[in-house]
Amino acid sequence: MEEQTVFHKILAGEIPADTVYEDEEVLIFKDIHPKAPTHLLLIPKKPEDFVPSIADLSESTQHVPAMLILKAKHFADMHDINGYKLTFHVGKGGGQEVFFLHLHFFSQQILSAH
Ligand code: AMP
């Protein structure tokens, strides 16, 4: 059993998150310490997609980063965000603090109400 991270707790509803999008596969919410005008985090919702880090990917979870990237693209399209940066921090040496695979989405554009 993996350690319960803050993102497990968000998915379980034990900690609130500022959610901007959700479907069956992904939850997208605002980073609590934004480093850009728009700074979002994308996390998988299905337990079989949970993996601590890119460094822990296996054949059964290799689709997860692509799924998160595609969800980021769809989110950007939906909100007319035409420039953004996507980042995975990998391992402590890569600046990763929360060991629940997540994709950072940064944009200089402010998220408009949709
Ligand atoms: P990383 O360095 O890739 O592990 O990034 C973890 C990110 O999660 C950081 O940018 C934190 O600001 C963010 N974070 C931590 N706790 C929360 C929370 N409760 N709600 C939203 N973002 C969070």
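The values are calculated or read from the model by the stated rules, or taken from the named source; none is laboratory data. Since this is a predicted model, take the numbers as computed values, not measurements. Quick reminder, even Gly has a Cβ in these numbers, built from the backbone with ideal geometry, and neighbours come from all protein chains shown. Only protein heavy atoms, including side chains, enter the accessible area calculation; ligands, DNA and RNA are left aside. Shrake-Rupley method; radii C 1.70, N 1.55, O 1.52, S 1.80 Å.
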Checklist entry - If a residue has to be away from the ligand (no atom under 13 Å from the Cβ) and farther than 19 Å from Ala36 by Cβ to count, how many in the range 67-99 make the cut? => result 3
Next on the checklist: Quick test of your reading of the structure: Gly13 fulfils all but one of (1) within 25 Å of Ser112 (Cα to Cα); (2) open to solvent by 60 Å² or more (accessible area, probe 1.4 Å); (3) within 15 Å of the ligand (Cβ to nearest atom). Name the failing condition by number.
Outcome noted: (1)
Next on the checklist: Being within 15 Å of the ligand (Cβ to nearest atom), open to solvent by less than 80 Å² (accessible area, probe 1.4 Å) and under 16 Å from Phe29 (Cβ atoms) is the requirement here; does His102 meet it?
Outcome noted: yes
Checklist entry - Which of the residues that make up the range 58-77 are in contact (Cβ under 8 Å) with a residue 40 or more places away in the chain and either in contact with a His (Cβ under 6 Å, 6 or more places away or on another chain) or open to solvent by 20 Å² or more (accessible area, probe 1.4 Å) (or both)? => result Met67, Lys71
Checklist entry - So, of the residues in the range 80-90 that are in contact with a Phe, Trp or Tyr (Cβ under 9 Å, 6 or more places away or on another chain) and open to solvent by less than 40 Å² (accessible area, probe 1.4 Å), which turns out to be nearest to Asp31 (Cα to Cα)? => result Thr87
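Among the residues of the range 16-39, is any at positive phi, loosely packed, with under 13 Cβ neighbours inside 10 Å, free of Cβ contacts under 8 Å to residues at least 40 places away in the same chain and more than 9 Å from the ligand (Cβ to nearest atom)? Walk me through how you get there before you give the answer.
Pass one, the range 16-39, residues at positive phi: none.
No, the range 16-39 contains no residue that is at positive phi, loosely packed, with under 13 Cβ neighbours inside 10 Å, free of Cβ contacts under 8 Å to residues at least 40 places away in the same chain and more than 9 Å from the ligand (Cβ to nearest atom).
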Checklist entry - Of the residues that make up the range 44-59, is at least one of a type in the set (A, V, I, L, M, F, W, C) and over 20 Å from Leu27 (Cβ atoms)? => result yes
